[in-house]
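Here's the structure, in C-alpha cells; my notes come after.
The values are calculated or read from the model by the stated rules, or taken from the named source; none is laboratory data. Only a predicted model underlies this, so the values are computations on that prediction, with no experimental measurement involved. Every residue, glycine among them, receives a Cβ derived from its backbone with ideal geometry; neighbour counts consider all protein chains shown. Keep in mind that these areas ignore ligands, DNA and RNA; they rest on the heavy atoms of the full protein, side chains included. Shrake-Rupley method; radii C 1.70, N 1.55, O 1.52, S 1.80 Å.
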Amino acid sequence: MISFDHVSFAYEPDRPVLSDVSFSIGAGEAVGLIGANGAGKSTLLQLILGLLAPTAGQILVGGLPVTKENLREIRRKAGLLMQSSENQLFLPTVREDMAFGPRNYMVSAEETERRIDEVLARLDLAHLKDRYNHKLSGGERRMAAIAVVLCLEPEILLMDEPTITLDPKNRRRVITITQSLTQTRLIASHDLDMILDTCSRVILLADGTVAADGPADEVLRDRALLEAHGLELPLRLQG
Amino acid sequence: MERLDRALGEFRQMEELAVSDSPIHRLHPLAKFLTTVLYILIVVSYPKYALRAMPVMALFPILLYQIARIPLSLCFYRLRYILPLVCAVGLFNPFFDRTPAFQVGALTVTGGMISFLTLLCKGVLCLTASFLLVATTRFDALCAALRKLHVPSLLTNLLLLTYRYITVLMEEASAMTTAYHLRAPGQKGIHISAWGSFLGQLLLRSMDRAEDLFRAMQLRGWHGHFHYVDLPSFTARDAAYVCGGAALLALVRLVDIAGLVGSLLVR
Ligand SMILES: Nc1ncnc2c1ncn2[C@@H]1O[C@H](COP(=O)(O)OP(=O)(O)OP(=O)(O)O)[C@@H](O)[C@H]1O
Ligand SMILES: [Mg+2]
C-alpha cells in the first residue's frame, strides 16, 4: 500500500532530514514509526500525502506515485491525523468538521450524518457533536481530531501521536479502536506501549535513515537498540 | 492580553449568535441578504434632508431584532468603534450649510444640522441592518448565498479564508501575549523593545498555522469549493419575506408616512 524507494528529503539543503529511506507496507498491515524527537516521523507522514515533496526517490501509495495529478486520489485513500489537533480542526463545531471531508468527496448528506453518528458512538463522543471546537479541552480536541479522520473512512490511516494528551481511558479506547481496524495503519508515536499493543511491525528512524525495521516484539524488546537512539523500552517490558 | 482575549471572545460570540435559533435565523441566507441590501439601498436613497423618514425606517431593524431575539444594545456595543466614524463623516455639514430651516425657541436649526443628523441616522441604520444579517447568518452560509448570486468563487473563498484567518491571528496573538506576560510579570502591555520581534514572530506563527489549516483542508479533499454548507432550499416563506419586505420598503419610501401621520394629528 505504501512504498518508499530511496527517498531523501531536506527542509534546508544542508540539513537532510531523511536520506535514502526505503521500506514498503502491505495492505492491512499495522506499522509503528518510532524515533527520537526530530527524527523525521512527522515529515515522513507528510511526504506520503504529498504535503512535502521528496528531494530524491519515489513514494507509491496504493500503487500510485505521489505526484500532483494523483494527490486527490491519494488523499482520498489516506487520512492523516496531524500531530497538532489545533490545526486539524478548522470549523466552528465538531460535527461540521467531521462532515467537511465526506462532503468534499461527494458523500451524500444522509450518509455523512450516519457516519458522524457511528464514529462518535464508537469513540463514545456523542456529547461532543455540537460542541464548539475552540471550547474543547486538549484531550477532547484530540479525540475530535481522531473522529474527523475516521469519518473519512480512509483505506490508509496515518496517525501522528494519536494518544498525545489523552487520559488513560481515552488512550485505551483509541488503542482498542486502532486494533479493531482492518485498514493499513502507520502510527508515529513515542508511546511505545501503545505501539506494542497496536502494531505488528515497527520502523525505527534515526539520523535520517531506517535504523531498524522488524516485528514489534523484537524491535521494542531490544533495549540496546532503543537506548542507542534516544528511546526506552516500553514501560510494560521494563522492570 | 485581556483586550485581545475579549476581542477573540466577541468574535466567537458572533459565530455562536449566528447559529442560534429564531424565525430570522431560519430564513434562507439569500432572502436575508437580498432584503438587507434593498434596505440599505433605500435608506441611502433618501435625500439629505429627509430626517423625518428615518424613524420609520428604524422600525424595520427594531422589529427584526426583536424577532431574532438579539438585543439592539449588543449591536451598538459591538459597533462601538465604528459608530464614531459614522458620526465623523457628516460632522462638517453644520458648518458649511448654514441655511436656516426652522426655529426651535431661540435655536435656529440649519439645513446643515438636519443633513448631518440624517446622514448619521442613515449610517446607523445601515450598520444595524448589516449587523443583524451577520448575527443571524453563518458566515459560510452567507458566502454560499453570494455564490448563488454568481459572485466569483475566488472572492467568496477569499472572504471565508480571511474570516478563518482572523481567528487564527487573534489566537496566536493572544497565546503569545500570555506567554510574554507570564515571563514579564507586572509589565503593562508589551515593552517597546520587543515589538519588532513580537510582530515578526506573530506573523510567522500565524502564517504557519494558516498554512497548516489550509493543508488540513486540502487533506480532506478541499479543492476550491465549499461543500459543507448545505443551503436550505428557498421556500415560499423566504420568497414571502423578500417580496413582503420589498413591498413594505417601497411603500415606506414612496409614501411619506411621517408626513401623513403628522397631518392627521394636526387635523
Ligand atoms: N517546517 C520546517 N522547516 C525546517 N525544518 C523543519 C520543519 N519542520 C521540521 N523541521 C526539522 O525536521 C526535522 C524532523 O522533524 P519532524 O517534525 O519530522 O520530527 P519528528 O520525528 O516528528 O519529531 P517529534 O517526535 O518531535 O514529533 C527536525 O530536525 C525539525 O527541526
Ligand atoms: Mg512529529
Give me the angle, in degrees from 0 to 90, between the Cα long axis of helix A:138-151 and the longest principal axis of the Cα atoms of chain A, rounded to the nearest 10.
80 degrees
Average accessible area per residue (Å²) across the range B:19-138 - probe 1.4 Å, nucleic acids and ligands excluded:
51 Å²
What helices in chain B pass both tests, a Cα length along the helix axis of 15 Å or more and a mean Kyte hydropathy of -0.5 or higher, using whole DSSP H runs?
B:29-45, B:54-68, B:111-136, B:153-183, B:195-219, B:236-254
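For A:76-82, what's the mean count of beta carbons from other chains sitting within 10 Å of each residue's beta carbon?
Details: counts 3, 0, 1, 2, 4, 0, 4.
Neighbouring Cβ atoms belonging to other protein chains average 2 per residue here.
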Return the residues of the range B:1-50 for which accessible area with all protein chains present is lower than in the chain on its own by 10 Å² or more; set the probe to 1.4 Å and exclude ligands, DNA and RNA.
B:12, B:15, B:16, B:19
Counting only pairs 8 or more residues apart or on different chains, how many lysine pairs in chain A have their Cα atoms under 25 Å apart?
6
In whole percent, and with a 1.4 Å probe on the protein chains, what portion of the accessible area of the protein assembly as shown is carbon and sulfur?
63 percent
Candidate lysines - alpha carbon under 25 Å from residue B:32, same-chain residues fewer than 8 apart omitted
B:122, B:148
Two-decimal log10 I(q)/I(0) for the range B:27-107, as the Debye equation yields it once each C-alpha is a single scatterer, q = 0.12 Å⁻¹
-0.54
Give the relative contact order (percent, whole number) for chain A; include only Cα pairs under 8 Å separated by 6+ residues.
26 percent
Counting only DSSP beta bridges with both partners in the range A:122-239, the antiparallel fraction in percent, to the nearest 5, comes to 55 percent
Write down the accessible area per residue of chain A in Å², having rolled a 1.4 Å probe over the full set of protein chains.
41 Å²
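Please state the shape class of chain A: rounded when a/c is under 1.5, otherwise prolate if a/b exceeds b/c and oblate if not, all from the C-alpha gyration tensor.
Here chain A falls in the oblate category.
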Mind listing, in residue-number order, the residues in the range A:136-154 that have at least 10 Å² less accessible area with every protein chain present than in their own chain alone (1.4 Å probe)?
A:148, A:152
Can you tell me the orientation of helix A:168-180 relative to chain A, as the angle in degrees between its alpha-carbon axis and the longest Cα principal axis, to the nearest 10?
80 degrees
Rounded to the nearest 100 Å², the accessible area buried between B and A, both sides, probe 1.4 Å, is 2500 Å²
